[in-house]
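Below is one structure; the comments refer to it alone.
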């Protein structure tokens, strides 16, 4: 077996081989401490260009690290603040049993590799997963829409949208190049752990999006602020249309940024529109609008044996 084959075997399912990094070597050592030099290198992961180059990102805080562990994320190393080892003893044993390196870090150095004011004494470095658009789309049940974010640059909105998609069982989100980085610390925090349960796919351009929709038999639908435009049916007709042949499977809902909406060149290629009627405020927050639309698709009646049916 050649070297590439060996690396593939060592890679967790669904994750591409990446370059090796000293921090990832799985040799637990109770006296292993993070050095200043290593902390300086990890601090570079605050910037997207280094995350992209190394294929790694930082997970901050007890809740997010625990969610990443539970979801079997590709964690390379966990850092525990000195004098807090007892608090995370159970987690440490679990990581060491899985041959994941656990190290200690001084308060100052842990603060250096994280961006939150209080990282709760724990952080992890994980590998960025595969961002294949087909895998992400196929993670969404046919009766739920697929979220597509186009030029959405606000990391808070991005994180909340991932979290909302996870809540409704739509565990695949697509995003265009030029959108916020889903592995930005603010986006990661905004997902509240859903980042580790939702498949993400990065779309190269409009051609790739249209080709994907055709291949998977899903209709592209543009979300628009003006609910008076043609096909902006909401809320009464949404369930009816969803149950009709033209909405089965459910569509790809394309959301633009709050500031600029969807570009005209893309809108020209998406004949159908959907909007949320209302009044008073100038507009809805993007993440709020996304949640409203997903809730109405999820509200379409299903049988008692449907995976999302509730007693």
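Centre-to-centre, using Cα atoms only, the range 184-219 and the range 264-290 are separated by 19 Å.
To make sure I understand, if each residue's beta carbon is the centre and we count other beta carbons within 10 Å, what order do 162, 128 fall in, fewest to most?
Ordered from fewest to most neighbouring Cβ atoms within 10 Å, 162, 128 come out as 128, 162.
Each of 50, 183, 297 has some number of other Cβ atoms within 10 Å of its Cβ, and from fewest to most they run 50, 297, 183. For the range 79-223, the convex hull spanned by the alpha carbon atoms encloses 128 Å³ per residue.
Rank the residues 52, 67 as a footprinting-exposure proxy: fewest other Cβ atoms within 10 Å of their Cβ go first.
If I rank by nearby Cβ atoms, fewest first, I get 52, 67.
We did not get these values from a lab; they are worked out from the coordinates using the rules stated. As the structure is a computational prediction, the values presented were derived from the model and not from experiment. When we count neighbours, we look across all protein chains shown, and the Cβ atoms used for this are built from the backbone with ideal geometry, even at glycine.
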